[in-house]
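No lab work stands behind these numbers, since they all come straight from the coordinates. The shown structure was predicted, so the numbers you read here are calculated from the model rather than taken from an experiment.
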Amino acid sequence: MSIALDTNVFDSVNHLFSIPESIEKFMYSGRSNENNENRGVGSIPADILETPKDYIFQLDLPGLSKSDVQATVEDENILVIKTSGKRKREDGEEEGCKYIRLERRVPQKLMRKFRLPENANVSSIKAKCESGVLTVVVEKQPPPPKPKKVEITIS
């Protein structure tokens, strides 16, 4: 009985330590919204903030420079962020150096598409890439003027 209990405890503890890997496999395995043209292309995690004046997209692109990133608008309201370069691993400076563990992903290509709201002003999008974070600011268009109420006299 003691051996079976020890084995169950060991299995349970081992399972707990593998949860981060399970979550990662679940999150990154198969994206249901990817179509055939995006197969093999990684997705960029993003935060989107709505302010009274604009929408702010923040995407982490560690190790990439602004020349590795392309931002475009397709089909009038689809914001597309692509990376063309890839982060390079630095080899050890001394002979005989080798990696013991590689946990950081080195994607070849990343892409993310966002459908912009109707009130997005696509002609005034601004983007900047600093310290591995791409920030894209999409201004909101002012709301259309409210229709005036005109009294009509009925004769």
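Details
- Rounded to the nearest Hz, the phi-derived 3J(HN,Hα) couplings of segment 119-130 under the Karplus curve 6.51 cos²θ - 1.76 cosθ + 1.60 (θ = phi - 60°) are 8, 6, 8, 5, 7, 10, 7, 10, 9, 9, 10, 9, where x marks glycine and proline.
- Listed residue pairs exceeding 27 Å between alpha carbons, taken from Lys66/Lys140; Lys113/Lys146; Lys126/Lys148: Lys113/Lys146; Lys126/Lys148
- Residues whose amide H comes within less than 5 Å of that of Ile125, counting only those at least five positions distant or on another chain, are absent (H built at 1.01 Å from N in the peptide plane).
- Residue-wise HN-Hα couplings along segment 134-143, as the Karplus relation 6.51 cos²θ - 1.76 cosθ + 1.60 with θ = phi - 60° gives them from phi, are 8, 10, 10, 10, 10, 5, 8, 7, x, x Hz; Gly and Pro carry x.
- 3J(HN,Hα) couplings calculated from phi for segment 144-155 with the Karplus curve 6.51 cos²θ - 1.76 cosθ + 1.60 (θ = phi - 60°) are, in sequence order, x, x, 5, x, 6, 9, 10, 6, 10, 7, 9, 9 Hz; Gly and Pro show x.
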